[in-house]
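The structure appears right after this line, and notes come after that.
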Amino acid sequence: MAGTVLYTQQDSVAIISMDRPDSLNGFTTDLCQDLLLAFEKAHRDDSIRAIVLTGEGRAFSAGADLKQGFEGDRTTQGKLLFEYAPVLTAIAEIPKPVIAAVPGFAAGIGMSVAMHCDLLVMAEESFLLSPFTTISLLPDGGANWLLVKQLGYHRAYQLSIESERISADRCLELGIANKIVPPDVLRDSAVAWAAELSKRAPLSLAATKKVMRHAMDHDWHSCFTMEAEEQEKLRGSEDSKEGVAAFFEKREPKFTGK
């Protein structure tokens, strides 16, 4: 890694933290590469059952680092397709739940990354921001798709073109955020939630994530078909047998991911 990401493990939880606090964790080529390496490491490690993604310092991420983010030979389109998109794809396709823990604020591509996670915890007084109309650009990192899916066209368009700060309370009201917690316990709360999720059957978590992400932009029939296929696989797993046995024996199941 290039030193822009901290990777730590707490029991079955991987904590991936963007570590460019002096630039408010602004996105650069190195940060994108380090995030990919961190998610790859968490993906390979069978002892990891859930992931927390956060940022060091007073922000989750201020978005693209305008001082460094557009340097080099790569075009803006290339940066989106070959740097940002792989990070977002890694979050979407890793079979483990990813919780975004947002301190301070998440803006621009930082907002897109936070919203792309499976679950979102925000600190009190934190906010999301899509500032693009103030610099004559448009929301990116899949933000247009995410916001319209989440909020509907009219509300998504208004929030984006007015570059409105979306407070944590408002995010919770709109269904963008799952939880709001005091800033001094943000990371601990996210890790504790991830630890609780780690006790769930990992194959079930992975299959549910796969089918629900599919459901966001596919029809009912294809979703139902995928459910049936995944359920067939799960029903024959050792974890399913263990879960049923634990239910009848009135004990906590011991899932192995097999």
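Tabulated data
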read-out	value
Any chance Ala206 is touching a residue at least 60 places away in the same chain (Cβ under 8 Å), in a helix (DSSP H, G or I) and small (Gly, Ala, Ser)	yes
Ser112 vs. criteria under 18 Å from the mean Cα position of the chain (by Cα), surrounded by fewer than 24 Cβ atoms within 10 Å (Cβ to Cβ) and modelled with pLDDT of 95 or more	no
Test set (1) surrounded by fewer than 20 Cβ atoms within 10 Å (Cβ to Cβ); (2) small (Gly, Ala, Ser); (3) under 27 Å from Glu56 (Cα atoms); (4) over 18 Å from the mean Cα position of the chain (by Cα) - Gly152 fails condition number	(3)
Output for the range 174-207, where each listed residue is of a type in the set (Ser, Thr, Tyr) and within 18 Å of Ala42 (Cβ to Cβ)	Ser198
Complete set of residues in the range 176-203 that are at pLDDT below 95 and surrounded by fewer than 19 Cβ atoms within 10 Å (Cβ to Cβ)	Lys199, Arg200
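The values are calculated or read from the model by the stated rules, or taken from the named source; none is laboratory data. What you see is a predicted model, and the numbers here were worked out from it, not measured in a lab. With ideal geometry, Cβ positions are generated from the backbone for all residues, glycine too; neighbour counts draw on all protein chains shown.
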